[in-house]
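Asks: Structure below; questions to follow.
What follows draws every value from the coordinates through simple rules; no lab data is involved. Predicted model only: the values in this text are computed from it and were never measured. Quick reminder, even Gly has a Cβ in these numbers, built from the backbone with ideal geometry, and neighbours come from all protein chains shown.
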Amino acid sequence: MYRIVSGITTLNQHIEMLSGTPEVYRPHACPHCGLNRLWRHGCYHRKADRSSPICNKLNPVPILRFCCQGCRHTCSRLPACIAPRRWYDWKVQQQALLMPLAGYSLHCASLVAQPCRHTLRRWWQWLEARSEDFGFHLRSRFIELGRTPDWKSFWRACLAHMPLSDAMAWLDQQGVSVP
Ligand SMILES: [Zn+2]
């Protein structure tokens with residue numbers, strides 16, 4: 001929860017933030033014990049850049065780590081452009097999911113989009129399985145999303161309104177586990 005720092009939509013922006021205002025990544029409270037005394041504790045790296053050409057890749061991308069002065073657990077927060085627990089970022093996931101949402105088959109979408117068909121199927125099943133929960137929270141804040149006849153039309157409306165990264169960052173802030 002609260003793992004995503006919203007508004008940081010590109011890896012370049014993330015890298016600028018790390019040198020300029022790294023404090024934005026400091027969690028408000030320890031996710032383990034709730035104490036608000038977290039100290040910087042180095043960083044780890046993610047191979048988050050999958051879209052730049054090989055010669056221009058920003059990898060490895062540093063992610064700041066923080067250590068709780070109470071329970072000594074470490075934690076970190078990700079910029080909105082990197083998805084927790086997923087190899088691909090939100091932007092790639094959105095591009096891939098928009099195709100089956102528009103009525104194309106998963107097979108057809110996987111020929112055009114980045115992930116393999118197996119991964120895309122997993123994302124598709126995830127989106128369907130979490131739709132009720134995500135939709136409930138998103139509709140309560142973004143009333144313009146309104147009522148939709150089914151989960152696919154909900155996501156079409158949602159992604160026309162905001163990028164998947166914004167939707168996930170907002171859900172994360174509400175304490176909803178994403179992805
Ligand atoms: Zn703690």
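Asks: Can you tell me the relative contact order of the chain? Whole percent, Cα pairs under 8 Å, sequence separation 6 or more.
Replies: 24
Asks: Sum up the charges of everything whose Cβ sits under 9 Å from the Cβ of S165, counting Lys and Arg as +1 and Asp and Glu as -1, but leave S165 out.
Replies: Charge balance in the 9 Å sphere: -1.
Asks: Report, ordered by chain and residue number, the lysines lying within cross-link reach of K152, taken as a straight Cα distance under 24 Å and ignoring same-chain residues fewer than 8 apart.
Replies: Reachable lysines: K91.
Asks: Something else now. Rounded, prolate or oblate, given the Cα gyration tensor of segment 117-159, with a/c below 1.5 counting as rounded?
Replies: Note, shape of segment 117-159 comes out prolate.
Asks: Right, another one. What is the sum of charges, Lys and Arg at +1 and Asp and Glu at -1, for the other residues whose Cβ falls under 9 Å from the Cβ of C75?
Replies: Neighbourhood net charge equals +3.
Asks: What list of whole percents do you get for P(r) of the chain, with Cα-Cα distances grouped in 5 Å bins up to the one holding the largest distance?
Replies: 1, 8, 15, 18, 18, 15, 12, 8, 3, 1, 0
Asks: In addition: Taking Cα atoms, how many degrees apart are the long axis of helix 164-173 and the longest axis of the chain, rounded to 10 and kept between 0 and 90?
Replies: 50
Asks: Sticking with this structure for a sec: If you line up the long axis of helix 90-101 against the longest principal axis of the chain, both from Cα atoms, how many degrees apart are they, to the nearest 10?
Replies: 10
Asks: A follow-up question, please. Once each part is reduced to its C-alpha centroid, what is the distance from segment 143-157 to segment 19-83 in angstrom?
Replies: Using only Cα atoms, the two centres lie 33 Å from each other.
Asks: Let me ask something additional. With an 8 Å cut-off on Cα pairs and a minimum separation of 6 or more residues, tell me the relative contact order of segment 4-79 in percent.
Replies: 36
Asks: Looking at the P(r) of segment 90-173, how many percent of alpha-carbon pairs lie beyond 21 Å?
Replies: Of all Cα-Cα pairs in segment 90-173, 24 percent lie more than 21 Å apart.
Asks: Also: How large is the convex hull of the C-alpha atoms of segment 4-79 per residue, in Å³?
Replies: 87
Asks: Take every Cα pair under 8 Å in segment 90-173 that's 6+ residues apart, average their separations, divide by the length, and report that relative contact order as a whole percent.
Replies: Answer for segment 90-173 is 33 percent.
Asks: Determine the calculated [θ] at 222 nm for the chain from helices alone, applying -39500 (n - 2.57) to every DSSP H run no shorter than 4 residues and normalising by the residue count; nearest 500 deg cm²/dmol.
Replies: That calculation yields -13000 deg cm²/dmol at 222 nm.
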